[in-house]
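Working notes, beginning with the structure itself.
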Ligand code: SF4
């Protein structure tokens, strides 16, 4: 990817290099840090300062992340005051460098201050319901909230969509949403690599509605064929909803750009799924993955390590290994391991405490993930030529 480098000397910090890339603007002081990344509208998206990584969300919060000496990740959302100070310092530096370089294309770095960022966050909130979660490979997707909420919304451990009723938007509503999204991102849409149909269960919409949405997406120039983002369409779906559509339906959706669906299996242990009030069984997930794959769509299966605590650990592990082995997962598919984070006041927490279930420690969750991975690895060594990707999915790292 081509980049044009512009540079200046600032008396207090020394050499500052700004790289204009097709999808972002990077600012680097000296050879290594601090460094900042902005989208093409000049919104700060990430930084590396003082040995810490920072990510800024479109609702104007800042997450700092670092790896501890033992390899564990530490992360913290900055307080509003800390975030304001951090952002003010970043934009003061960027504005001075842009002024010293004098290239008009850098004016976007001079257009922001804390008031403008706060106003931008308020505008974001008028376009989107909170974007509660995305899979890690979709953090740079362009999110379209074709639905709001979760069509089920009763799993005891999940609070992502408790703040909103499930609602399927009409094609006209989606068109209006896309117009607002396009206006909000402007040229910064170049950073977005794919389309994510949100919220939790957008693909549960009837085929007629899905076709109408996809027609709108095509007409608005957002499909893979007609313009950025070119990476295809992605979405969550629950296994119990997959069979509401036929193989022919899924094949049609694949032909319209649906590339991968993400299924929260959580566990391969049916008794644990019942305890979580997750509808369906591990067998349903296996069948759902088979159908999706048969249609030419990649699958991602999400496992929650630590869920069910000490009481379910053995059955959770063995059931999950058996279920994953029964799925025709291959290159292009992703198995995610998501360490269970119990949301404050969750029904799961109450039920688990009443049942005397001890939560697993972070180290025990990591060990559980390692054992599941090792069991799958054994299979891979035995001749699975094109394995799926295995990756960590830590919901605390999510920033949109
Ligand atoms: S885990 Fe999935 S199906 Fe269950 S409530 Fe949350 S979003 Fe809905």
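The values are calculated or read from the model by the stated rules, or taken from the named source; none is laboratory data. The shown structure was predicted, so the numbers you read here are calculated from the model rather than taken from an experiment. Virtual Cβ from ideal backbone geometry, glycine too; neighbours counted across all protein chains shown.
Consider only pairs whose beta carbons are under 8 Å apart and that are at least six residues apart or on different chains; among these, list those whose first residue lies in the stretch 362-374 and is over 15 Å from residue 393 (Cβ atoms) and whose second residue is assigned to a helix (DSSP H, G or I).
Going by the 8 Å Cβ cut-off, the qualifying pairs are 364/313; 371/317.
Being closer than 25 Å to residue 360 by Cβ and modelled with pLDDT of 95 or more narrows it down to one of 291, 272, 253, 247, so name that one.
Just a single option satisfies the conditions, and that option is 272.
For residues in the stretch 262-282 being more than 13 Å from the ligand (Cβ to nearest atom) and in contact (Cβ under 8 Å) with a residue 12 or more places away in the chain, which is surrounded by the fewest Cβ atoms within 10 Å (Cβ to Cβ)?
Only one residue fits best here, namely 271.
Every residue, every condition in (1) within 9 Å of the ligand (Cβ to nearest atom); (2) free of Cβ contacts under 8 Å to residues at least 40 places away in the same chain; (3) assigned to a loop (DSSP other than H, G, I, E, B); (4) assigned by TED's automatic domain parsing to the domain that holds residue 351, yes or no:
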| position | (1), (2), (3), (4) |
| --- | --- |
| 150 | yes, no, yes, yes |
| 155 | yes, no, yes, yes |
| 163 | no, yes, yes, yes |
| 174 | no, no, no, yes |
| 185 | no, no, no, yes |
| 190 | no, no, no, yes |
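Let me confirm something: among 296, 306, which residue is more than 30 Å from residue 218 (Cβ to Cβ), in contact with a helix residue (DSSP H, G or I) (Cβ under 7 Å, 6 or more places away or on another chain) and in contact (Cβ under 8 Å) with a residue 40 or more places away in the chain? Write out each step before concluding.
Details: 296 fails: more than 30 Å from residue 218 (Cβ to Cβ).
From the options 296, 306, the qualifying one is 306.
Scan the strands (runs of 3 or more DSSP E) fully inside the stretch 1-93 and keep the ones with 3 or more residues being modelled with pLDDT of 95 or more and outside the structural domain of residue 186 (by TED's automatic domain parsing).
Details: elements: 4-10, 14-20, 25-29, 35-38, 44-49, 52-56, 62-67, 73-77.
Of the strands (runs of 3 or more DSSP E) lying wholly inside the stretch 1-93, those with at least 3 residues that are modelled with pLDDT of 95 or more and outside the structural domain of residue 186 (by TED's automatic domain parsing) span 4-10, 14-20, 25-29, 35-38, 44-49, 52-56, 62-67.
Looking at residue 138 and the list (1) within 16 Å of the ligand (Cβ to nearest atom); (2) crowded, with 20+ Cβ neighbours inside 10 Å; (3) over 30 Å from residue 218 (Cβ atoms), which single condition is not satisfied?
Of the numbered conditions (1) within 16 Å of the ligand (Cβ to nearest atom); (2) crowded, with 20+ Cβ neighbours inside 10 Å; (3) over 30 Å from residue 218 (Cβ atoms), the odd one out for residue 138 is (3).
Determine whether the stretch 168-188 contains at least one residue that is surrounded by 18 or more Cβ atoms within 10 Å (Cβ to Cβ) and within 30 Å of residue 339 (Cβ to Cβ).
There is no residue in the stretch 168-188 that is surrounded by 18 or more Cβ atoms within 10 Å (Cβ to Cβ) and within 30 Å of residue 339 (Cβ to Cβ).
When you scan the stretch 194-202, do you find a residue that is in contact with a strand residue (DSSP E or B) (Cβ under 6 Å, 6 or more places away or on another chain), in a strand (DSSP E or B) and within 13 Å of the ligand (Cβ to nearest atom), even just one?
Yes: one or more hits.
Does residue 239 fit the bill of being in contact (Cβ under 8 Å) with a residue 40 or more places away in the chain, more than 16 Å from the ligand (Cβ to nearest atom) and either over 30 Å from residue 117 (Cβ atoms) or out of contact with any helix residue (DSSP H, G or I) (no Cβ under 7 Å at 6 or more places or on another chain) (or both)?
Working: in contact (Cβ under 8 Å) with a residue 40 or more places away in the chain: yes; more than 16 Å from the ligand (Cβ to nearest atom): no; either over 30 Å from residue 117 (Cβ atoms) or out of contact with any helix residue (DSSP H, G or I) (no Cβ under 7 Å at 6 or more places or on another chain) (or both): yes.
Criteria not met by residue 239.
Given the structure, is residue 119 away from the ligand (no atom under 16 Å from the Cβ), modelled with pLDDT of 95 or more and in a helix (DSSP H, G or I)? Spell out how you get there, then give the answer.
On the way: away from the ligand (no atom under 16 Å from the Cβ): yes; modelled with pLDDT of 95 or more: yes; in a helix (DSSP H, G or I): yes.
The answer is yes for residue 119.
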